[in-house]
Each structure stands twice: as structure tokens, then as C-alpha cells.
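As C-alpha cells, the structure follows; a few thoughts come after it.
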Amino acid sequence: MATKNKKNSKVVYGIKKSASFIIDSFKKHAICTLSDSGKIINCNKTIEVLTGYTTDELVGKTYSIFCSGNEFEKKAWRKHLEHSLAHGFSNFEGISAAKNKTRFWCSFTMNPVFDDGGKFLFFTLIMQDITERKLNEEKKDEYLGIASHELRTPILSISLYSELLAYQLKSESDKKTLKIFYDMRSQIKRLTNLVDDLLVVNEIERNSLVLNKIKFNVNKFVRKIVRDFRATTVGQKIVLTGKVNGLVFGDESRLTQVLVNLIANGIKYSPLLEKVIVNVNSDKDKVIISVQDFGPGIGSREIRDIFRRYFRSYNLNKGNMPGLGLGLYISKQIMSRHGEKIWVKSKLGKGSTFYFSLSRAKKD
Ligand code: ADP
């Protein structure tokens, strides 16, 4: 990890003292500074309320005092120190134990601090009790799990009846009724997607999400989804660019859910008559699919929470925009279970581009 340099130790001491002054001035957040090996250098008074330990008891101990005790968590903490040093930050959530052994959910934000010469000084660690939020999420999961199971059967029946009706209407060539019927079918599709999302969240939370990976043609896959959207979207124009030859390997129906979520968001969050561009591209190893919109974009403070369960931008959704804040969370879970990435680049006022990667299928 970071190297030690005795010459600078006086300067570092001065900086650490002023860091101590700064963190004491934070009243709402529990904050401490950590050495490169994860030892607590100093902390503010709020941490006493959160953990039950006095600041004197904490100084000199390692981060493991914040873990609920198992080795796996300690290992994860070491990884967060390394990640924070390499990338300039690490945000994570975990279960912490207070001095009186009660457990609570905590969010951690860790940043390394460097001097002007780029030498590592210490980490700052901000801690926040998120137990209430986590309990609310559990309650929501339970409720949505039950509701979605109950909804599935009637939706499936309606969907089947609608297919029969389409057949009947086509043969009678009643164009007016057929148009009403197509509108109705697009609403059934929305409902089906919503229930699929709810069911998959339940599987993710119970750790029972199973992937049925197959080889499939990525161009056909994207084209079919874009075609379905074009058939049911009135306001925005969906443009398809790029092409990739060959097959990819993954669970086609779960990946459909990912792309559907991204395009649906692109449409939902961009102004009428704007474009939503779906692109398929590749480098040597990976196929990259992206969805670009010219909507409001996502601010830098919100971007780090964007894939979190139930996260919804307050500003964007206060106009009663429908949604549950689950689509991106589900997409992230599906991609990481594939061992693939999903990420976003965005600028406020300019729009957003969401990307995800897929692996090319190996030749037999
Ligand atoms: P939902 O759209 O149902 O709220 P998502 O998980 O799909 O749930 O998205 C979470 C949040 O991320 C949204 O509420 C919105 O604030 C933000 N978001 C998602 N996609 C976009 C986009 N294309 N442009 C701007 N903000 C977006």
C-alpha cells in the first residue's frame, strides 16, 4: 500500500491535526480517518452515538471494530481500502456491530486524502445508520413479492385471450377495433414487464435467480426488441445503429429484461419527439450495447446511487413519473450474475448513455 516517508512526518502530523478539527465540525455524520493499514487515527463525537464506543476506545483500533465479526466482512473491508486507494473512493453498505453487540445497517463512504506531492496521508470514512431504510426495503420486497405472484396468473390469462382476439379481429378485418386492441395489448405488455421485474427482484433477494445461458444472435436480439418498442411508442423515435456479426452467450430472456428497461427509461425520461439511440458495437472480446437519450441527464451526486434498489431521482420524478426504482437495480444484478458490466455516462441537461457488455460465444 502507500509508502511511508519520515521527512514529511511533521507536515503530515499538522495535516492530520487539522483533519481532526474538520471532522469534529461535522455533527450529523459519524466520521473518522484511517491510516493506510486501516487503523483509526481520529474520529468525531457523532461516532460515539452510532457505535457506542468512545473516541478514545476507537483511536488506534482497526476498521474491524466496525465489522459484525466474520472473516468474510474483514476481507471485504480490505478490498474497499484497496479500491478506494486505486479509484479515489469506495461506497459500500454492510452490517455493523455496536459496542453493546446490537447490529445495525451502515453505509460507508471512504476516500483517500493525498498531499500536494501525491503522497497518501489517510482515508476519510463517513458512516451513516441506514437500518430504517433497509427495514423498509425488506417490507417493500415482501409486499411486492406477494402482489406480483398474485398478479401473474390473471395477466397471463388476459394476454392469451388478447392473442385469440387479435386473430379474430384480423380475420374480420375490423381496422378500428384492431387499433384499440393494439393499444390495449401495449398496456398488457407494460404490466407483464412490471410483474416480471417484481418477480425477478424476489428471486434476487432470495438468491435464487437462475440463468439459462444459451448462444444467440445479438443483432436479431436487439432488432426484435427495438421493433417491439417502435410498434408501441408514439412520442420518441427509436434509432438503431451499429451491427455485430456472431453470437453472444447469456440468458436471452433476462438480457431482454435489461435492454427493455434501458430503452423504456430512455423513452420515459426524454422529451417527446426526441431520439433514443440503441447501438450495438464490439471490440475484440466484448459486445457492447448502449442506449442513449437526450433527456435531463443524471447529476454526479445521483449517479453513484442510480443502480441501488428503489432509488428514484427526486427532481425527476416529482411530476408523478411512473416507476418503482427497480429497473436499473435488476439490470445491474442480472449483468453481474453474468459476470458482465453495466454502466452509465451522463451530463445534466444533455442526456444519458447506458452501456452493458456481453461475451462473445466461443466457437464449438
Ligand atoms: P424507475 O424508472 O422505475 O424509477 P429505474 O431503476 O429504471 O426505476 O431508474 C431509477 C432512477 O434512475 C429513475 O427514477 C430516474 O431517476 C433515474 N434514471 C433512470 N434512467 C434514466 C435516464 N435515462 N435519464 C435520467 N434519469 C434516469
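The values are calculated or read from the model by the stated rules, or taken from the named source; none is laboratory data. Here the structure is a predicted model, which means the values were calculated and not measured. Reconstructed Cβ throughout: ideal geometry from the backbone, glycine too, with neighbour counts over all protein chains shown.
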query = In the stretch 246-287, what residues are in contact with a Ser or Thr (Cβ under 6 Å, 6 or more places away or on another chain), within 16 Å of the ligand (Cβ to nearest atom) and not aliphatic (A, V, I, L, M)?
reply = 261, 279
query = Scanning for something of a type in the set (Phe, Trp, Tyr), without any contact (Cβ under 8 Å) to a residue 40 or more places away in the chain and either assigned to a loop (DSSP other than H, G, I, E, B) or surrounded by fewer than 13 Cβ atoms within 10 Å (Cβ to Cβ) (or both), does the stretch 179-192 turn up at least one residue?
reply = no
query = So how many residues does the stretch 344-364 have that are under 17 Å from residue 250 (Cβ atoms) and among the β-branched types (Val, Ile, Thr)?
reply = 0
ask   = Is it true that residue 261 is closer than 19 Å to residue 334 by Cα and either among the aliphatic types (A, V, I, L, M) or surrounded by 15 or more Cβ atoms within 10 Å (Cβ to Cβ) (or both)?
value = yes
remark   = Scanning the stretch 289-321 for residues that are under 21 Å from residue 139 (Cα atoms) and in contact (Cβ under 8 Å) with a residue 40 or more places away in the chain gives 309, 310
query = Of the residues 330, 306, 334, which single one is under 19 Å from residue 201 (Cα atoms) and either more than 8 Å from the ligand (Cβ to nearest atom) or among the acidic types (Asp, Glu) (or both)?
reply = 334
Members of the stretch 305-349 found to be in a helix (DSSP H, G or I) and either within 15 Å of residue 269 (Cα to Cα) or at pLDDT below 90 (or both), listed by number = 314, 315, 316, 317, 327, 328
remark   = Across the stretch 270-285, the tally of residues that are within 28 Å of residue 217 (Cβ to Cβ) and assigned to a loop (DSSP other than H, G, I, E, B) stands at 3
message = Given (1) part of a strand (DSSP E or B); (2) over 23 Å from residue 205 (Cβ atoms); (3) touching a helix residue (DSSP H, G or I) at 6+ places or on another chain (Cβ under 6 Å), identify the lone condition not met by residue 356.
response = (2)
inquiry  = Can you tell me which residue is nearest to the ligand (Cβ to nearest atom) among those in the stretch 290-303 that are in contact with a strand residue (DSSP E or B) (Cβ under 6 Å, 6 or more places away or on another chain) and not in a loop (DSSP other than H, G, I, E, B)?
reply    = 293
query = From the set of residues in the stretch 268-296 that are farther than 30 Å from residue 361 by Cα and surrounded by fewer than 20 Cβ atoms within 10 Å (Cβ to Cβ), which is modelled with the lowest pLDDT?
reply = 273
query = If you go through the stretch 215-223 one residue at a time, do you hit one that is within 16 Å of the ligand (Cβ to nearest atom), in a helix (DSSP H, G or I) and either exposed (fewer than 14 other Cβ atoms within 10 Å of the Cβ) or of a type outside the set (D, E, K, R) (or both)?
reply = no
query = If you go through the stretch 13-33 one residue at a time, do you hit one that is more than 26 Å from residue 306 (Cα to Cα), β-branched (Val, Ile, Thr), at pLDDT 80 or above and surrounded by 13 or more Cβ atoms within 10 Å (Cβ to Cβ)?
reply = yes
ask   = Residues in the stretch 193-209: is at least one without any contact (Cβ under 8 Å) to a residue 12 or more places away in the chain, surrounded by 12 or more Cβ atoms within 10 Å (Cβ to Cβ) and not hydrophobic (A, V, I, L, M, F, W, C)?
value = yes
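Taking the stretch 337-359, which residues are among the small types (Gly, Ala, Ser), surrounded by fewer than 18 Cβ atoms within 10 Å (Cβ to Cβ) and within 15 Å of the ligand (Cβ to nearest atom)?
Across the stretch 337-359, the qualifying residue is only 349.
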